[in-house]
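Here the structure comes first, spelled out in structure tokens, and everything after it is commentary.
The values are calculated or read from the model by the stated rules, or taken from the named source; none is laboratory data. In this text the structure is predicted, and so the values were computed from the model without any measurement. Positions of Cβ are generated from backbone atoms using ideal geometry, with glycine treated the same way; all protein chains shown enter the neighbour counts.
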Amino acid sequence: MDPSIFETAEEDARLEKIAKDHFAQGNHIKALEVIEDAFSKRGKDNVPGMFHYLQGSILYHLAKRAKKSDVTFAFLLGCVEPFTDDFGLHAFSARALFEMAEQLDSELYYKKAEKDVELRLSLLESCGELDPADLETQRTLANISNEAGLKILHGCTGKSPVPALEESKEARGMIMSDSNKAADKRLRSQWASMSVEAKKNFMKVSVSKLRGYVERLYGEEGKKALDEVLDSTRIDKKWRFWLCRTCSRKFFYVKKFRNHLEQEHGAKHKRSTAKNMPEMVNEAWAGMILDGGWEPVDAVAAADMIKTRLESVKEFVYEEGWSKDWPLAEDEERSNLLKQIQYRLVLLWESKVLCFATLEWMMELPILARFEVTESLITECGLVGTPQRICFWDCHELKRIRDLLKLTKFERDDGTDLVCRAVERLCGRTGVKEKIEFDEQFSFMLLDKRLLRGKIDPFDDEGTIDACKHDYYAKTQPQGDDIITWLLDYPLIDGSFEFPRSARAHNLDIWVAILRAIHYTCRDWGTKYARKLENLYYDKVLTDAKNLCTREDERRRIAPEGEANVAYASLLGDRCEELKTYNGDPPNGRNFVFAVRDVLERAPDPTFDFDDLEASLDLIHGLKDLSDGTVLESIDHLKSVVTDKVLLADSKILLVEKSRISLLNELTRLSAFDYRSYIRNLLRRFMRDELNEIVKMDALAKVAAAEADLLSSEKQEKEKKSGSKNKKRGVIKNELNEIVKMDALAKVAAAEADLLSSEKQEKEKKSGSKNKKRGVIKNELNEIVKMDALAKVAAAEADLLSSEKQEKEKKSGSKNKKRGVIKKTSTSTSTDIEQNVKPESSPPLKPVEEDCVEPEDTLNIAANTDNQEETAKDLQNMPGEDLLSKHMESPRVAAATRCNLALDMTLKALCKIKVLKEYLVLNQDEFADNQEGQVPYALRDFFTAVASKTIKEGMYSYLLGNVLSSLEEAHSMSRDAAELLVSILEFWPCWRTPDIESCVTHIFTLEEYERMSCSKCRKNPNYPEQSSYGVVVSADSIRDLRRAFGKMKLEDILKLIRMEYKMLCDAKTEGCGKANFVHHIISRCTPIFTIVLKWEKNETEKEIHETTKALHREIDISRLYEGMEPNTTYRLVSMVGCSEEEEYICLSFKKNQWVGYRHEALAKKAVGDWKNVVRFCEKMKVRPEILFYEAVPKLDQ
């Protein structure tokens, strides 16, 4: 035996032990590095199964430890492939698939779990007698299979869970301790005192100084890591690159990196040939599908025209594949079917799963052949290569097309969106805004000059480096002190990756998980492609069988009279005997036998394999008396079934390919590495220390100057006072030094105690790195203490000199008097207040903490107010008293009596929007005081009180009355809630600080523009951007489309309604005047998306029920607007409805249920889930008029 085999086995055992030891010690990154090295060296398919099993175990362990649901799913998906490659006697792959199915409620993964269980059980059965561990595995597999079967039986939603909104640690900004606040004040003061040239020089980081600093902090490891960064930037002139975590190769072009993953690491299924690959419909065909009229053509009249007036038919004009010259049929059923077909074709195209083979099949149905119109005539008429040919078919063919399109899935519930969320969170932490350049000799790093001018908004995703031959900061004038904010920015990171760890370790665990998920997707792709080939081979066998029958028909026509006919069944049986021994490439003799058996047995679906070939032949010979018509009918039926299976297989393959590309895109994002994010915190720390050193030197200089001034003044004093003053000075200085010394010792001791307490909670294995960190923190604390001591000494010196100067002066009688600030009190009349005093802003308030705040928390309407005195006392105790006192006049009472129901419920619905409340709380101090007009004042007062959460019962009526009376004075009022909403948004008070965006613009305003590409003259006119607050749609249209298309999503219904809107190609701008579809584009996602429903006011309970049922709790506006990322989800949070008695009601979602509010202050009712809302609206005849959808942000974005 080859000795190298033993050497390889020994090496495998050694590496496995190393990886297991790392994993046992909690260092899963090192364990994964060992395994990836083995894969890179020998290939994933050439390593023992123990490596796959160990990698799967690590990823499964990480899934159990993850705290985020999307990260958990990513690790579960990643561990399935290694467990599948292992082929061991275990249940881990089935368990992971089942857990993913539970998380997604996905039928796809429940079925995969069942298949994996079937495979594992067959392996166990082949092992004979089982030990106790294998018996336990067998029971586990059986339980998984039973539970998965029950879940499939009961039905699955296939909806990816949207995690609860969580506060982002990064978004909360910095958390500064007292020492950091002192450092902030000290550094800002120093920065303000520096000259322009000194500030510019400070931005130049000496590479040699930085290298020495790193060596002192991190030793040789840090120096080596920094040298690697500097060498790479000097040679490649780029900060950013893509790193393959398996083989550690670096790429500076993303296309090359993707090709590397696909060719070297199995990120794409390797197939031997491109034959029979599904091909997507191109842009030209998509344009014809979108722009076509899709009206039914009178096939009888058209066939007659082709046969009798062919020359005139040839002159038909086609625009984008459609001609208006064909005779149309008045057939409502066909028209409705064609519109459904068009809609589903558009959805398939937009989902990137519309196969060209499907379109070809739709156009090849031989409808005109029934009227003796040959294919050559059809070609001459121009009907080849146009989807208008579909409009010739009758209802039977159109229904078959529609039914097939209904079976085609637009999306795959495989959880790819969860993986995208996990990657989004991780990549969001490493985004870099700052550019860092070098001088020509690469001896200085030049920080982004924009840091001298202010904050930097856009991210720099290129990361290119320019070697500056001139003064980089020559034309830059420093403004403000934002550079100090940047230096003191301590983001709350998890500490999982930082300098000087290797770049390969960065996100290695989830990188490996996503790569294995791609491998699993490729495995699925190969399985579906193999099934398609099976169906194609089966179809070829059926075609051969039918051709055999056709040749028998020809033989019968020319055979002499009296010669016996051979039955089709007998002919096929004889052919089976001839081919049964042919075992070449498929389709072979075995395939032919099994297909003929299906034909003669009149099987409803094809059977691709039977256990016994001879038994199948016996059955075929027993059915030789079957009639020829039955045989042909069975062949045609099976060919139709197989054709459908092939077309559906194409769409499934494209869906899997879409998931693979999505995962590959996320893996590419995760592979990007930016050295700037790697050394950013190191640079900040180095520059803070440099600035602290400048502060220290300045402080020492000031102390020395003070000493010199003191000595000079002392010489001028009389000799008789010199002794006493020196003595006094010495005593004071000694006392100060002693106090400073004791304060410093106390701070160091406290810091030591906190550090030791945290160290005791850590494992002993990290003690070495902790001690190094402890030493660094101790040095920083000592430096801070030292700087504080110097500051205190300098302050004491200054006080001493000031006192001495006062003693030298003679008593002149001039004494400083303290000034008192007299504040105008509330005893002034209201008229005086209005004329002389500007309203004061409310005191600082705590931010909203809960995801859904109780309505009482926002409006806080008092329930038990006994008399007017208690109400007045509550009003006096309000923090916003000064703000509201100037309006406490008689109009309040009059307006309160005219309080409008629609206004009340509209404002209540607005107050239930979490993002609006948080925005008001955040910017409440920025409410403008000098607003013009009564409406802005009234709205400002109302929303100020909402932000402070202090509204009592009487105050709410007063504020509501103020808003109503102000709006009535501004313009004529309407009882319609939608019009009131527009009035509120139009008169909304803006902030007076120019840096803050208008609340309405930020929260509600959609910036939309329409794009039209003329399909005839190809012009693309530019239309100006338009602003709107949302979408207005007819309730009848939603209800009618819901009836026509069944379970259709609300966003798809809205999109279908918009498809009816077309825009003319303007002839005034040299256009052709053709009507074209309009593309709606928005530049950004607003926090709130508003939908207004228009009702006829005479709907029945059933119509209200159907309309409300069509209003889904979540919508994806990327289906409505272009320019949005896929799966841009909005969630319904509140709405306003109107009952039959013109009574308005507010419904809001709070704590996992819907709550209803009426005009009475305390009248609220728990409604329940969305199904209960639908029943509530039906029973109470409530028509939803305004729907407020709140954006569901990606986690930690």
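Condition first: within 20 Å of S659 (Cα to Cα) and in contact with a helix residue (DSSP H, G or I) (Cβ under 6 Å, 6 or more places away or on another chain). Now tell me which residues in the range 108-135 satisfy that.
We begin by selecting, within the range 108-135, every residue within 20 Å of S659 (Cα to Cα); these are 108-113.
Y109, Y110, K112, A113 - these are the residues of the range 108-135 that are within 20 Å of S659 (Cα to Cα) and in contact with a helix residue (DSSP H, G or I) (Cβ under 6 Å, 6 or more places away or on another chain).
Quick one: which residue in R1175, R1131, R1119 is assigned by TED's automatic domain parsing to the domain that holds L1056, touching an Asp or Glu at 6+ places or on another chain (Cβ under 8 Å) and modelled with pLDDT of 90 or more?
Working: R1175 fails: touching an Asp or Glu at 6+ places or on another chain (Cβ under 8 Å); R1119 fails: modelled with pLDDT of 90 or more.
The match here is R1131.
For residues that are closer than 16 Å to W511 by Cβ and either surrounded by fewer than 20 Cβ atoms within 10 Å (Cβ to Cβ) or in contact with a Ser or Thr (Cβ under 8 Å, 6 or more places away or on another chain) (or both), tally how many sit in the range 35-70. If you could, list the steps in order and put the result at the bottom.
In the first step, residues of the range 35-70 are kept if they are closer than 16 Å to W511 by Cβ; the result is 35-37, 39-40, 44, 55-56, 58-59, 62-63, 66, 70.
Filter once more, so that each one left must be either surrounded by fewer than 20 Cβ atoms within 10 Å (Cβ to Cβ) or in contact with a Ser or Thr (Cβ under 8 Å, 6 or more places away or on another chain) (or both): 36-37, 39-40, 56, 63, 66.
Residues meeting the conditions: 7.
Taking D650, is it under 29 Å from L108 (Cα atoms) and either without any contact (Cβ under 8 Å) to a residue 24 or more places away in the chain or of a type in the set (G, A, S) (or both)? Let's see the steps before the verdict.
Numbers: under 29 Å from L108 (Cα atoms): yes; either without any contact (Cβ under 8 Å) to a residue 24 or more places away in the chain or of a type in the set (G, A, S) (or both): no.
Answer is no for this residue.
Looking at the range 1161-1168, can you tell me whether even one residue there is part of a loop (DSSP other than H, G, I, E, B) and at pLDDT 85 or above? Show your work before the answer.
So in the range 1161-1168, the residues part of a loop (DSSP other than H, G, I, E, B) come out as 1161-1163.
Add one more test, that the residue is at pLDDT 85 or above, and what stays is none.
No, that holds for no residue.
I'm told V317 meets every condition in (1) in a loop (DSSP other than H, G, I, E, B); (2) out of contact with any strand residue (DSSP E or B) (no Cβ under 8 Å at 6 or more places or on another chain); (3) under 28 Å from L654 (Cα atoms); (4) not hydroxyl-bearing (S, T, Y) except one. Can you identify the failing condition by its number?
V317 satisfies every listed condition except (3).
If K268 satisfies every condition in (1) at pLDDT below 90; (2) closer than 30 Å to L345 by Cα but one, which is the exception?
It fails just one condition, (1).
Is it the case that S335 is free of Cβ contacts under 8 Å to residues at least 60 places away in the same chain, more than 21 Å from T379 (Cβ to Cβ) and polar (S, T, N, Q)?
Values: free of Cβ contacts under 8 Å to residues at least 60 places away in the same chain: yes; more than 21 Å from T379 (Cβ to Cβ): yes; polar (S, T, N, Q): yes.
So S335 fits the description; yes.
If you scan the range 102-128, which residues turn out to be within 20 Å of G88 (Cα to Cα) and charged (D, E, K, R)?
So the first thing to find is which residues in the range 102-128 are within 20 Å of G88 (Cα to Cα), and the list is 112-128.
The answer is K112, E114, K115, D116, E118, R120, E125.
Could you please find all residues in the range 656-673 being of a type in the set (D, E, K, R) and either closer than 14 Å to C244 by Cα or touching an Asp or Glu at 6+ places or on another chain (Cβ under 8 Å) (or both)?
E666, R669, listed by residue number.
Residue check: is F73 buried (at least 24 other Cβ atoms within 10 Å of the Cβ), assigned to a helix (DSSP H, G or I), in contact (Cβ under 8 Å) with a residue 40 or more places away in the chain and not polar (S, T, N, Q)?
Working: buried (at least 24 other Cβ atoms within 10 Å of the Cβ): yes; assigned to a helix (DSSP H, G or I): yes; in contact (Cβ under 8 Å) with a residue 40 or more places away in the chain: yes; not polar (S, T, N, Q): yes.
Yes, satisfied.
Look at the range 288-313 and say how many of its residues are outside any helix (DSSP H, G or I) and either at pLDDT 90 or above or buried (at least 20 other Cβ atoms within 10 Å of the Cβ) (or both).
Here the count works out to 6.
Condition first: over 24 Å from the mean Cα position of the chain (by Cα) and part of a loop (DSSP other than H, G, I, E, B). Now tell me which residues in the range 1101-1158 satisfy that. Please lay out each step first, then the result.
Just the residues of the range 1101-1158 that are over 24 Å from the mean Cα position of the chain (by Cα), to begin with: 1101-1110, 1135-1148, 1153-1158.
The answer is A1110, S1139, E1140, E1141, E1142, E1143, R1158.
Does the range 539-559 contain at least one residue that is part of a loop (DSSP other than H, G, I, E, B) and free of Cβ contacts under 8 Å to residues at least 24 places away in the same chain? Reasoning before the result, please.
Residues of the range 539-559 that are part of a loop (DSSP other than H, G, I, E, B), as a first pass: 559.
Those left that are additionally free of Cβ contacts under 8 Å to residues at least 24 places away in the same chain: 559.
Checking the range 539-559: at least one residue is part of a loop (DSSP other than H, G, I, E, B) and free of Cβ contacts under 8 Å to residues at least 24 places away in the same chain.
State which residue is nearest to A978 (Cα to Cα) when the search covers only the range 1104-1143 and only residues that are of a type in the set (A, V, I, L, M, F, W, C) and in contact with a His (Cβ under 9 Å, 6 or more places away or on another chain).
Pass one, the range 1104-1143, residues of a type in the set (A, V, I, L, M, F, W, C): 1104, 1110-1111, 1115, 1117, 1120, 1124, 1132-1133, 1135-1136, 1138.
In the following step, the residues that additionally are in contact with a His (Cβ under 9 Å, 6 or more places away or on another chain) were identified as 1120, 1132.
Values: L1120: 21, L1132: 17 Å.
Applying the filter and picking the extreme gives L1132.
Go through the range 320-347 and report how many residues are more than 43 Å from the chain's Cα centre (by Cα) and not in a loop (DSSP other than H, G, I, E, B).
Number of matching residues: 1.
Taking L1187 as the residue in question, decide whether it is under 24 Å from S957 (Cα atoms), hydrophobic (A, V, I, L, M, F, W, C) and part of a strand (DSSP E or B).
On the way: under 24 Å from S957 (Cα atoms): no; hydrophobic (A, V, I, L, M, F, W, C): yes; part of a strand (DSSP E or B): yes.
Spelling it out, it is not the case that L1187 is under 24 Å from S957 (Cα atoms), hydrophobic (A, V, I, L, M, F, W, C) and part of a strand (DSSP E or B).
Residue check, E932 against (1) in contact with a helix residue (DSSP H, G or I) (Cβ under 9 Å, 6 or more places away or on another chain); (2) modelled with pLDDT under 65, all met but one. Which one?
(1)
Can you go through V205, V214 and tell me which one is among the β-branched types (V, I, T) and part of a strand (DSSP E or B)? Let's see the steps before the verdict.
Details: V214 fails: part of a strand (DSSP E or B).
Every option except V205 fails the conditions.
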